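Let me begin by presenting the structure, written as structure tokens, before commenting on it.
Values quoted throughout were computed directly from the atomic coordinates according to the rules given, and no laboratory measurement underlies them. For clarity, every value in this text was computed on a predicted model and none was experimentally measured. A quick note on method: Cβ atoms are made from the backbone with ideal geometry, for glycine too, and the neighbour counts reach across all protein chains shown.
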Amino acid sequence: MSAGIHHATRLGLTGGIGSGKSTVARMLVELGAALVDADQIARELTGAGGAAMADIARTFGADFLDATGALDRPRMREHAFAHPAARQQLEAIVHPLVGRVSEERVQAALAAGHQLVVQDIPLLIESGHWPRQLSAVLVVDCRESTQISRVVARSALTPAAVQAIMASQASRQQRRAGADIVLYNDGLSLPALQAQVRLVAQRFGL
């Protein structure tokens with residue numbers, strides 16, 4: 001085994017809302033990858049007793065905590081939407097912590113012998129500091145009309161609300177430009193998607 005081949009890979013995974021990114025992540029885990037999910041870590045940090053909560057309470061006030069002491073997400077979402085500076089303040093608290101915890105979990109996965117560590121990073125293309133740490137970036141891509149219909153089918157969001165979320169994310173072109181691998185997930189059955197994911201996993205030694 002050459003050291004190069006056996007060197008564990010850190011694969012950044014991203015895609016717009018409704019792209020099927022979470023499904024791809026789950027399939028990679030089933031094939032033996034370790035998953036470090038930035039969104040899940042952010043939820044833990046802003047949950048009751050989470051490491052970000054003292055700073056959030058200090059910065060925004062107790063009004064932004066719910067009865068359990070977790071971040072009141074709907075309230076913060078409204079506030080951040082109305083005050084873009086508030087979103088930056090929140091990100092300045094949460095993002096460095098997410099980065100630190102993510103790195104700890106990646107190192108733990110590598111120490112446990114995982115060949116492939118998938119870092120699910122929703123805003124990978126939008127935030128400049130991730131790609132330097134990654135071996136490669138996998139983008140799950142599909143048509144915008146497909147994104148809208150998938151999200152409307154699984155949530156209470158209207159098409160207009162989904163389009164607003166999409167407008168706040170990187171464009172398809174930007175994401176594809178930042179990708180080492182593009183997995184086009186449109187019109188695929190689950191078995192067909194699984195076959196595509198298996199090919200990606202094989203490229204990284206799984």
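Amide H contacts under 5 Å for Leu35: Val118, restricted to partners 5 or more places along the chain or on a different chain, H placed in the peptide plane at 1.01 Å from N.
In degrees between 0 and 90, to the nearest 10, how far off the longest principal axis of the chain does helix 190-203 point, with axes built from Cα atoms? The two axes meet at around 70 degrees. Once both labels are positioned 7 Å from their Cα atoms along Cα-to-Cβ, the gap between Gln88 and Arg26 label points is 3.8 nm. Taking each residue as 0.36 nm, the span from Arg75 to Arg154 lengthens on full extension beyond its C-alpha to C-alpha distance by 26.2 nm. Modelled spin-label separation between Leu110 and Ala54, with each label point placed 7 Å from Cα along the Cα-to-Cβ direction: 2.9 nm. In whole angstrom, region 46-100 maps to an equivalent ellipsoid with semi-axes of 16, 15, 9, each derived as √(5λ) from the alpha carbon gyration tensor and ordered largest first. The alpha carbon convex hull volume per residue for region 77-148 rounds to 131 Å³.
Taking the longest Cα principal axis of the chain as reference, the axis of helix 144-154 is set at about 70 degrees. Only Lys, Arg, Asp and Glu carry charge here, each on its Cβ (+1 for the first two, -1 for the last two); on that basis region 120-206 has a dipole of about 100 debye about its Cα centre. When the chain is described by a simple charge dipole with +1 on each Lys and Arg Cβ and -1 on each Asp and Glu Cβ, the residue from His114, Ala62, Ala195 located farthest towards its positive end is Ala195. Placing +1 on the Cβ of every Lys and Arg and -1 on the Cβ of every Asp and Glu, with no other charges, gives region 47-176 a dipole of roughly 380 debye about its Cα centre. Compared with the dominant principal axis of the Cα atoms in the chain, helix 84-111 is inclined by about 40°. Ranked by the mean number of other Cβ atoms within 10 Å of their residues, highest first, the peptides 9-18, 107-116, 80-89, 45-54 come out as 9-18, 45-54, 107-116, 80-89. With both labels modelled 7 Å from their Cα along Cα-to-Cβ, the Leu188 to Gln173 distance reads 2.5 nm. Report summary: the helix-based calculation at 222 nm, which adds -39500 (n - 2.57) for every DSSP H run with n ≥ 4 and divides by the residues of the chain, gives -16000 deg cm²/dmol.
In units of the compact-protein estimate 2.2 N^0.38 Å, region 1-146 shows a Cα radius of gyration of 1.17.
With both residues required to sit in the chain, DSSP beta bridges show an antiparallel share near 5%. Once the Cβ-Cβ distance of Glu144 and Arg100 is raised to the sixth power relative to R0 = 35 Å, the FRET efficiency obtained is 0.55. Each Lys and Arg adds +1 at its Cβ and each Asp and Glu adds -1 at its Cβ; summed about the Cα centre, region 1-102 shows a dipole of about 200 debye.
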